[in-house]
Structures are given as C-alpha cells and as structure tokens.
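Working notes, beginning with the structure itself.
None of the figures in this text is laboratory data; all of them are computed from the coordinates on show. Quick caveat, the model's predicted, so the values are computed rather than measured. Virtual Cβ from ideal backbone geometry, glycine too; neighbours counted across all protein chains shown.
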Amino acid sequence: MKVSRDQITGTVILLLGLFVFVMISTYSVPFRSTYPGPKALPGLAAVGFVICGAGIFLEGCKKKEEKVFLVKEGWIKLTVNIGAIALYILAMQYLGFFIATPVYLYSLSSWYAKGYAEKPVHRIVFSAGVTAVIFLAYQMAFGYQLPTGIFR
C-alpha cells in the first residue's frame, strides 16, 4: 500500500495537536469558565489541529492521482517563511511586539506582493491594522502581556 502525501500531512498535523495537548497538560492553572487561563487558546488550537489532521488523513485514504507537490520556487517560499517566523520570534524577544510584528508583517506582505501593483502604503496600513487587532485581542480581551523586549 502506497502512503499518500495527504496521509503524511494529516498524521503530522494530528501529532502536533496531540503534542500541544501534552504540553498544556503540564500547566498547573485549572481551566474554569470564569477564567480559562493559559490553556484555552492552545487547547482550542490543538482541537483544531486534531480535527483537521484527521480530516486530511481520511481524505488521503481515497484513491486519487497525486500531482506535483512543490516546485523549486515553492520550497524556497516555504523555507523563507519558516526562517521569517524564526527571526520574528527572536526579534520579539529583543525588540518587543510593537516593533517586531509590523516589520514582520510588512516584510512578508511585500515579499508576497512581488509582481502585483500594490502600493507600500496599503502594506503599512495592513501591518499596523493586524498588529492593533492582535494587541486588542491579547492585551485587552484576554489580559495577556505581549513581549516588550528591551523597552520594558
């Protein structure tokens, strides 16, 4: 029996969801309806990973012809995205959320906008808007502190 790419992808996503469940089970803060605590968002993401991973795996069990997965340019974009995320995480530790996030979003949206007649001001507004929404969601709605970096 040949294993399809969807089966491998589904299995990896499902295992990542289970890994997140194991990691959040080490949190000592109980989950309550009044204050869900730090388990709420990762737990919700883990449920989504498990459900989506299982769905992708089951879809991969159907017999169908597989197309080319990624060409050279796709692998380059994937590698750049993973590197950009790693740099973003590192930058957030030192520069903080309000500097690292808009720069990351602007850089990534500029890279993906190549070949399109998109004005830089649109990317600036997008980057600032997404940064503001994330700040409002985490800081105001959930009460979580975002990294401040060296500007404490």
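From least to most packed, judged by other beta carbons within 10 angstrom and beginning with the fewest, M140, M92 follow the order M140, M92. The order of I56, I82, going from fewest to most other C-beta atoms within 10 Å of their C-beta, is I82, I56.
What the Cα atoms of the chain give is an Rg and a Dmax of 19.2, 57 Å. Remark: the Cα gyration tensor places region 72-141 in the oblate category, a/c being 1.5 or greater and a/b not exceeding b/c. Fewest neighbouring Cβ atoms within 10 Å first, the residues T79, T9, T131 line up as T79, T9, T131. Pairs exceeding 26 Å between alpha-carbon atoms, taken from K63/K114; K72/K114; K62/K114: K63/K114; K62/K114. When the charge dipole of the chain is built from unit charges on Cβ atoms (+1 for Lys and Arg, -1 for Asp and Glu) and taken about the Cα centre, the candidate among L90, L108, T11 whose Cα reaches farthest toward its positive end is T11.
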